[in-house]
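Structure first, commentary second.
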Amino acid sequence: MPLGRNILITGGAGFIGSHVVRHFVNKYAEDTIINFDKLTYAGNLENLKDVEHANNYRFVKGDICNTEELNRLFEKFEITDVIHLAAESHVDRSISGPMEFVTTNVVGTVNLLNTCKAHWKNLENHVFYHVSTDEVYGSLGDEGLFTEETAYDPRSPYSASKASSDHFVRAYHHTYGLNIRISNCSNNYGSYQFPEKLIPLMIHNAVEGKELPIYGDGKNIRDWLWVEDHASAIDVIFHRGAKGETYNVGGLNEWTNIDLVEQLCTIIDQQLNRPEGSTKKQITFVKDRAGHDRRYAINADKLATDLGWQPSIQFAEGLRKTVDWYLHHQDWIEKVITGDYKAYYAAHYNR
Ligand code: NAD
Ligand code: TYD
């Protein structure tokens, strides 16, 4: 891929997007990284303070559903490639309000695809990279892993909207020849994740002395990946992935929710000098999520074999670093938690 590209990253002010922006800004000085983000409750420029003055970084506030804003963006920055992360991303919110997910994840993605098609003369010269989730594959039983061949079986409004957007991206490849890549990744963890998701929510509540709400029996399984490893996988797939291909991204790192939260409690006891076992007492089993997928687990062999990608850190270390980061960034949490979030929390957890 030639240097000097103008790479549009959508959703760059969110959790994963901010790590992808940081990774590309720091690693590819010859490219210009344009972060286009609506700054919803989940998007925060606080996540990018360390790169906001970099020469090769630009931020534009805008909505992927707004065609005029996208046209202006593509003209002004002569966008050469897209890494698309902008989305509504929280399953619980998709259960209480699915339409927002259709609008942003489906309509917004198709709007972005159309903008690329309208502005790019030779589609071979441009990459459209769509970042998706393993949740499109549905829910696993005790055995087996999701591969790139697993049939789609989305079961939440969130995963249904992401599956739909994946289908549209593939359709634009097959119909119009758009040079696409898609990756489907497992649950990410690390710094700058909005504290409505499992790990930062538990750390935040633990510090505040609140309940640690575990849905159902706590035996649902997720496959956790260090967010910076996801950013490095996106880099590899963007630069070296094959046209039209899909890659699963994951770290072979399955945990039941209850085992994971108990580990967090142990680390928090140690880091806050609490008596051993005290944070665990905050664990509370609450009503299960509607349609709660039982198990996700990824087979990432294709990415390892074809492109040589491997995750870089062990879970125990990643979890310790994550707890440490949140404990030392209470000011960040206070800045990103708005009144809206407090209202959501009260309504969702009935607390
Ligand atoms: P996030 O909710 O933290 O961030 C989403 C970002 O998109 C926010 O900055 C938000 O302001 C922005 N956004 C939302 N609607 C927009 C719109 N209409 N126009 C422009 N920007 C808009 O999400 P995340 O966890 O960082 O996930 C990023 C992407 O990765 C999503 O596409 C998600 O489906 C996918 N993904 C997430 C995970 C995970 O574990 N979090 C795993 C696999 C894939
Ligand atoms: P989450 O972080 O919302 O990610 P996803 O639903 O996309 O996998 O949830 C991870 C797991 O944690 C999931 O099985 C639901 C569970 N969970 C709880 O038990 N309690 C909570 O308060 C939250 C937010 C999630």
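Quick one: of Lys210/Lys321; Lys49/Lys210; Lys27/Lys76; Lys27/Lys321, which pairs are farther than 27 Å apart, Cα to Cα? Could you put the intermediate results ahead of the total?
On the way: Lys210/Lys321 22 Å; Lys49/Lys210 30 Å; Lys27/Lys76 24 Å; Lys27/Lys321 22 Å.
Exceeds cut-off: Lys49/Lys210.
Starting from the Cα gyration tensor of the range 206-279, multiply each eigenvalue by 5, take the square root, and state the resulting semi-axes largest first in whole Å.
On the way: eigenvalues 240, 46, 17 Å².
Working through the eigenvalues yields semi-axes of 35, 15, 9 Å.
Step by step: find N for the range 226-351, compute 2.2 N^0.38 Å, then divide the Cα radius of gyration by it. What's the final number? Walk me through the numbers before you get to the answer.
Working: Rg = 18.4 Å, N = 126, 2.2 N^0.38 = 13.8 Å.
That ratio works out to 1.33.
How much of the DSSP beta bridge set in the chain is antiparallel, as a percent to the nearest 5?
On the way: 3 of 39 bridges.
Counting only bridges with both partners in the chain, antiparallel ones make up about 10 percent.
Report the percentage of all Cα-Cα pairs in the range 277-334 whose separation exceeds 15 Å, rounded to a whole percent. Before the final figure, lay out each step's value.
Details: 1262 of 1653 pairs.
Here the long-distance tail beyond 15 Å is 76 percent of all Cα pairs in the range 277-334.
Would you work out the Kirkwood radius for the chain? I mean one over the mean of 1/r across all pairs of different Cα atoms, in Å. Numbers along the way, then the final one.
Numbers: mean 1/r = 0.0484 Å⁻¹.
Across the chain, the inverse of the average 1/r is 20.7 Å.
When the chain is fully extended, how far beyond the present Cα-Cα distance does Ala304 get from Gln271, taking 0.36 nm per residue of separation? Walk me through the intermediate numbers first.
Working: separation 33, 0.36 × 33 = 11.88 nm, distance 3.50 nm.
Extending this stretch completely gives an extra 8.4 nm.
Once all Cα-Cα distances of the range 85-156 are split into 5 Å bins that start at 0, what whole-number percent is in each one?
All Cα pairs, binned at 5 Å, distribute as 3, 12, 18, 19, 17, 15, 9, 4, 2, 0 percent.
Working with all protein chains in place, sort Arg274, Arg295 by solvent-accessible area computed with a 1.4 Å probe, largest first. Could you put the intermediate results ahead of the total?
Values: Arg274 65, Arg295 15 Å².
Order by accessible area, largest first: Arg274, Arg295.
Determine the gain in length on full extension of the stretch Glu317-Glu30; use 0.36 nm per residue of separation and subtract their C-alpha separation, reporting nm with one decimal.
Working: separation 287, 0.36 × 287 = 103.32 nm, distance 3.29 nm.
Gain in length upon complete extension: 100.0 nm.
Principal axes first, then extents: for the Cα atoms of the range 168-259, list largest minus smallest coordinate on each axis, whole Å, largest first.
54, 25, 22
Projecting each Cα onto the charge dipole of the chain (Lys/Arg +1, Asp/Glu -1 at the beta carbon, about the Cα centre), which of Trp226, Ser94, Asn273 comes out farthest on the positive side?
It is Ser94.
Output the peptides 41-48, 285-292 sorted from most to least packed, where packing is the average of other Cβ atoms within 10 Å over each peptide's residues.
Numbers: 41-48: 20.0, 285-292: 13.1.
Sorting 41-48, 285-292 by mean packing, highest first, produces 41-48, 285-292.
Quick one: accessible surface of Glu334, probe radius 1.4 Å, all protein chains present, in square angstrom to the nearest 10.
For Glu334, the solvent-accessible surface is approximately 110 Å².
Across every pair of different alpha-carbon atoms, what Kirkwood hydrodynamic radius in Å does the range 35-130 reach? Display every interim value, and only then the final one.
Working: mean 1/r = 0.0686 Å⁻¹.
For the range 35-130, inverting the mean 1/r across all distinct Cα pairs yields 14.6 Å.
From a point 7 Å beyond the Cα of Glu208 in the direction of its Cβ, which residues of the range 316-351 have a backbone N at a distance under 13 Å?
Only 333-351 fall inside the zone, counting backbone N under 13 Å.
Which of the pairs Lys38/Lys121; Lys61/Lys335; Lys38/Lys243 have their Cα atoms more than 22 Å apart in this structure? Don't skip to the end; give the middle numbers.
Details: Lys38/Lys121 27 Å; Lys61/Lys335 19 Å; Lys38/Lys243 29 Å.
The pairs that break the limit, which is 22 Å between Cα atoms, are Lys38/Lys121; Lys38/Lys243.
If you roll a 1.4 angstrom probe over the protein chains with everything in place, what fraction of the accessible area of the chain belongs to carbon and sulfur, to the nearest %? Write down the numbers at each step before the final one.
Numbers: 7260 of 14690 Å².
The nonpolar share, carbon plus sulfur, comes to 49 percent.
With a 1.4 Å probe and all protein chains kept in place, how much accessible area does Leu39 have, in Å² rounded to the nearest 10?
In the full protein context, Leu39 sits at about 50 Å².
Answer with one residue from Leu73, Leu140, Ile83: the one whose Cα lies farthest towards the positive end of the charge dipole of the range 31-177, charges on Cβ with Lys, Arg +1 and Asp, Glu -1.
Among Leu73, Leu140, Ile83, the one farthest towards the positive end of the dipole of the range 31-177 is Leu73.
Looking only at Gly339, Gly14, Gly251, which one moves most when the chain is put into a Gaussian network model with springs between Cα atoms under 10 Å?
It is Gly339.
Angle, helix 227-240 long axis vs. longest principal axis of the chain, Cα atoms, 0 to 90°, nearest 10?
That works out to roughly 20 degrees.
Note the full-extension length gain between Thr147 and Tyr341 as 0.36 nm times their separation in residues minus their Cα-Cα distance, in nm to one decimal. The partial results should precede the final answer.
Details: separation 194, 0.36 × 194 = 69.84 nm, distance 3.53 nm.
Between Thr147 and Tyr341, full extension yields 66.3 nm more.
How many Å² of accessible area per residue for the chain, probe 1.4 Å?
Value returned for the chain: 42 Å² of accessible area per residue.
Enumerate the aspartates and glutamates that Lys287 could reach by cross-link, defined here as Cα to Cα under 13 Å, with residues fewer than 8 away along the same chain left out.
Output for Lys287: Asp92, Asp217.
The values are calculated or read from the model by the stated rules, or taken from the named source; none is laboratory data. What you are looking at is a predicted structure, and each value in this text was computed from that prediction instead of being measured. Heads up, the Cβs are rebuilt from the backbone with ideal geometry, glycines too, and the neighbour counts pull from every protein chain shown. The protein model used for the area step is the full one, side chains on, heavy atoms only, and it has no ligands, DNA or RNA in it. Shrake-Rupley method; radii C 1.70, N 1.55, O 1.52, S 1.80 Å.
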